[in-house]
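The values are calculated or read from the model by the stated rules, or taken from the named source; none is laboratory data. Just so we're clear, the structure is a prediction, and the values are computed from it rather than from any experiment. Neighbour counts run over all protein chains shown; Cβ positions are idealised from the backbone, glycine included.
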Amino acid sequence: MSTKIFGGGKKNTAMAMKFAFSEDLTNEPQIEAFDNELPDSFPDVIAANQTTLNQAFVGTTGNGNLPMFAAAAGGLESAGDMPPVDGGVDTDWHPTAAIPGGAAVNLLKGLTNFVVADNVPLQNEEFIFNLSLKIPYDTVIGDSMFGVAIQLRYRYSGTTPIVTAFYNDAAAGSESDPSWVEFDLDGSDGLLFTDDEPAADELSLPSSGQKIAEELRLYSD
């Protein structure tokens, strides 16, 4: 079963998803992506994600061998701000190139290219974020390109924080009045990129060039 995330993907919105922390952090959190098992192993997740060999990270000739996934991170929900445009993510926010190391908006490839939040969350604070997928025409169907684990890296001193993830349910939420619903981080929930209002949670390849996945959905096993 899948549920549409309001503003998920390359949309002009800030209120798509957020991570919240029960204790103070000491640094800005990071969003990273690594290889995971093949899709049919879901919800199993590799315990130690170390490599970035999947097609999602090495790309294809059709996209200039760039990583296909991207993320954008803002700060507090109350600020309602996501880079690179104040007041909301611009519709063209998916990067055309990878920035070495961390940035507020970046393509995702392990610790080579990752995204850094705009704040250091304190107790019971959060940061908002979004994810995007740009897929080229020559993606190999059946390849392990979708075997990707999105990883949150955070640092703290003292009590271990409880981390909670939320998505804005498109059936009830909006940019000005989000409807936050908690989702699991234990592997039982996943994120699924699809075409616009798909009949069967599908994402089709473009006939040429590249295309942005129109929707981001939460998938529950």
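Observations on the structure shown:
- Counted residues, region 181-194 - those being touching an Asp or Glu at 6+ places or on another chain (Cβ under 9 Å) and crowded, with 17+ Cβ neighbours inside 10 Å: 6
- Against the criterion of being surrounded by fewer than 18 Cβ atoms within 10 Å (Cβ to Cβ) and either of a type in the set (A, V, I, L, M, F, W, C) or within 16 Å of the chain's Cα centre (by Cα) (or both), T164 qualifies.
- Some residue of region 135-152 being acidic (D, E) and touching a Phe, Trp or Tyr at 6+ places or on another chain (Cβ under 7 Å): no
Listed here are the residues, each with its yes/no results for (1) at pLDDT 95 or above; (2) surrounded by fewer than 18 Cβ atoms within 10 Å (Cβ to Cβ).
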{"position": "L53", "(1), (2)": "no, yes"}
{"position": "P84", "(1), (2)": "no, yes"}
{"position": "D90", "(1), (2)": "no, yes"}
{"position": "P95", "(1), (2)": "no, no"}
{"position": "P100", "(1), (2)": "yes, yes"}
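- Scanning region 179-191 for residues that are at pLDDT 95 or above and part of a loop (DSSP other than H, G, I, E, B) returns a single hit, S179.
- A residue that is assigned to a strand (DSSP E or B), touching a Ser or Thr at 6+ places or on another chain (Cβ under 9 Å) and surrounded by 15 or more Cβ atoms within 10 Å (Cβ to Cβ) occurs nowhere in region 195-210.
- Cβ pairs under 9 Å, 6+ apart, first in region 129-154 and within 18 Å of G64 (Cβ to Cβ), second among the charged types (D, E, K, R) and at pLDDT 90 or above: K134/K211; I135/K211; P136/K211; Y137/K211
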